[in-house]
Amino acid sequence: MKARSVASVSFLILLLLVSCGPKPKVKPLPEKGSPEAVLADLTSNEATIISVAQSLDIAISTPDLGERSLSGTLYFKDGRYLFQIEAMLGKDVAKLLITRDSLLAFSPMQKRYYVGRPNSPLPQWGIGARDMLDILIGKYGFRSGRAVYVGLADDYYFFELAGGESTKKITVRPDLVNITAIRYESEGENIDVQFSDFSMSKASYRPREIALSARGRATSIRVSIKSEKLNSDLPDGVFELHIPDDAVEETANRFWQEF
């Protein structure tokens, strides 16, 4: 009986000593803001994106060409994009130069090029090349002022943003103010975008994994952002694309069918 009492006292002393020690600090999640406050934060976060430089791993799956693994380099500044796609052994597959009102795409391997509009729907996707690249850098159009709050489900806010040639239905986690999914609806086409693997950058959460899928068709793209620099000083010379004199101009469908 005495031994049992001594053991009990020892256990209480040990428990007291442990409880008196330093306790780990748990950082609470921010409180959920109102839809108006979250929308204001989304607009502000988008406005802070002045320039972007990304290194990407890209996995593409289509019914015609199967699965392919590519890599890419993406630059953005002053409304311009330069996107370079490479295959194995560093061979250039395609280069895209997009300005506010024009698109120039070139295939060095095929010596073919295409001139068009940035938001002309891409075959099998229904949204434009600029829309695709906007997804990768986080430009969704909140600054246009056309986004509206449409409801709450499972603690997520839902916004709708209409404009251009598509309507975006956007899912947002309000406590962290990060976009987790977007559905693009355009002329009967539905494109689902999922964002994951978030990290804090420039006071906002940015995804490292982005998956796009064409609803109803076995067409998908998965992008892993290997590295990213925001608002670095990109020289204007980055945004140049020279077409050789012997390159052949193609229509949109013939050019994009290889991609």
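The values are calculated or read from the model by the stated rules, or taken from the named source; none is laboratory data. Worth saying up front: this structure is predicted, and the values here are computed from it rather than measured. All Cβ positions, even for glycine, are placed from backbone atoms using ideal geometry, and neighbour counts span all protein chains on display. Calculation scope for accessible area: heavy atoms of the full protein, side chains included, ligands and nucleic acids excluded. Shrake-Rupley method; radii C 1.70, N 1.55, O 1.52, S 1.80 Å.
At-a-glance table
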quantity	calculated
Cβ-Cβ FRET estimate between residue 37 and residue 197, R0 fixed at 25 Å, reported to 0.05	0.45
Burial order of peptide ranges 119-131, 145-157 (average beta-carbon count within 10 Å, highest first)	119-131, 145-157
Where a label projected 7 Å from the Cα of residue 122 along Cα→Cβ would reach, residues of the range 189-204 with amide N under 20 Å	189-196
Between the range 127-169 and the range 36-68, the Cα center-to-center distance that results, in Å	12
Span-like helix ranges in the chain, DSSP H, alpha carbon extent 15 angstrom or more, Kyte mean at least -0.5	2-20, 35-47
Gyration tensor (alpha-carbon) shape descriptor, the range 149-259, a/c threshold 1.5	oblate
For the chain: accessible area per residue (Å², 1.4 Å)	56
Listed residues 82, 161, 65, most fluctuating in the chain (Gaussian network, C-alpha, under 10 Å)	65
Cα-only Debye scattering, the chain: base-10 log of I(q)/I(0) at q = 0.15 Å⁻¹	-1.13
Percentage relative contact order, the chain, counting C-alpha pairs under 8 Å, at least six apart	20
Cβ-derived FRET efficiency at R0 45 Å, residue 152 paired with residue 246, nearest 0.05	0.20
Charge dipole magnitude, Cβ of K and R +1, D and E -1 - the chain, Cα centre, debye nearest 20	1300
